[in-house]
Amino acid sequence: MIARSMRRNGLILAVFAMLATLLIVVIAKLTEAPIQRQQEAELLRVLNEIIPARAHDNDLYASCTQLNVPELGSKPQRAYRAWLNGEPQALAITVTAPDGYSGAIQLMVAIQYDGSVAGVRTLAHAETPGLGDKIERRKSDWIDSFQGLTVNGSDDPRWAVKRDGGIFDQFTGATITPRAVVSAVEEAVLSFQANRDSWFAAPSNCWETTS
């Protein structure tokens with residue numbers, strides 16, 4: 001009698017576990033598309049901030065190519081190319097600064113065809129609130145300090161925080177975070193200068209699917 005009751009309870013628990021698992025899978029499937037649309041909308045917002053509509057006449061999101069540049073991150077980076085009247089204008093590339101205070105910092109760096117910085121935005125980070133999070137534009141305008149600058153070779157002394165002899169402000173109590181971002185943006189510009197034409201000539205392949 002007791003054994004039969006235990007088997008019945010075990011069966012009931014197993015059924016509930018299966019139903020719970022199925023429910024989780026269904027919810028994940030139902031929310032996958034809305035989450036993806038939200039992420040795409042946020043990406044487009046960032047792209048349109050740093051490469052404004054007047055600067056191109058093509059679809060930035062569609063003209064995306066995947067690049068493998070170890071200096072810019074361990075995973076493939078996505079580069080969004082801007083053209084105007086058939087002429088290349090600017091490129092926005094995802095970049096990872098691996099050495100933030102609390103881990104990797106994900107950035108979007110837009111670079112004009114002439115090699116100057118069009119704009120930088122922070123996409124994701126885990127830096128300390130009130131200190132390192134000043135790399136977010138909604139918290140501080142510090143990230144705008146890159147705009148219009150270029151890099152004059154790999155030993156350009158300007159590309160460092162002021163504590164290290166450069167031109168970029170550090171944050172009070174948080175030097176590691178801005179130092180990591182400055183280094184990552186510098187690497188992005190140097191990589192662009194070295195590979196500009198091949199990056200613009202690369203196929204658009206970010207959204208390819210395999211059957």
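The values are calculated or read from the model by the stated rules, or taken from the named source; none is laboratory data. It should be emphasised that the depicted structure is a prediction, and the values quoted were computed from it without experimental measurement. Positions of Cβ are generated from backbone atoms using ideal geometry, with glycine treated the same way; all protein chains shown enter the neighbour counts. Side chains included, ligands, DNA and RNA excluded: accessible areas come from the protein's heavy atoms. Shrake-Rupley method; radii C 1.70, N 1.55, O 1.52, S 1.80 Å.
Quick notes on this one:
- Being under 19 Å from residue 203 (Cα atoms) and in contact with a helix residue (DSSP H, G or I) (Cβ under 9 Å, 6 or more places away or on another chain) is a condition met by at least one residue of the range 94-101.
- The range 173-194, subset hydroxyl-bearing (Ser, Thr, Tyr) and closer than 18 Å to residue 154 by Cβ, residue surrounded by the fewest Cβ atoms within 10 Å (Cβ to Cβ): 183
- Selection from the range 158-189 of residues that are without any contact (Cβ under 8 Å) to a residue 40 or more places away in the chain and farther than 19 Å from residue 101 by Cβ: 158, 159, 165, 167
- Of the strands (runs of 3 or more DSSP E) lying entirely inside the range 67-114, the ones with 1 or more residues being open to solvent by less than 30 Å² (accessible area, probe 1.4 Å) and touching a Lys or Arg at 6+ places or on another chain (Cβ under 8 Å) are found at 87-100, 103-112.
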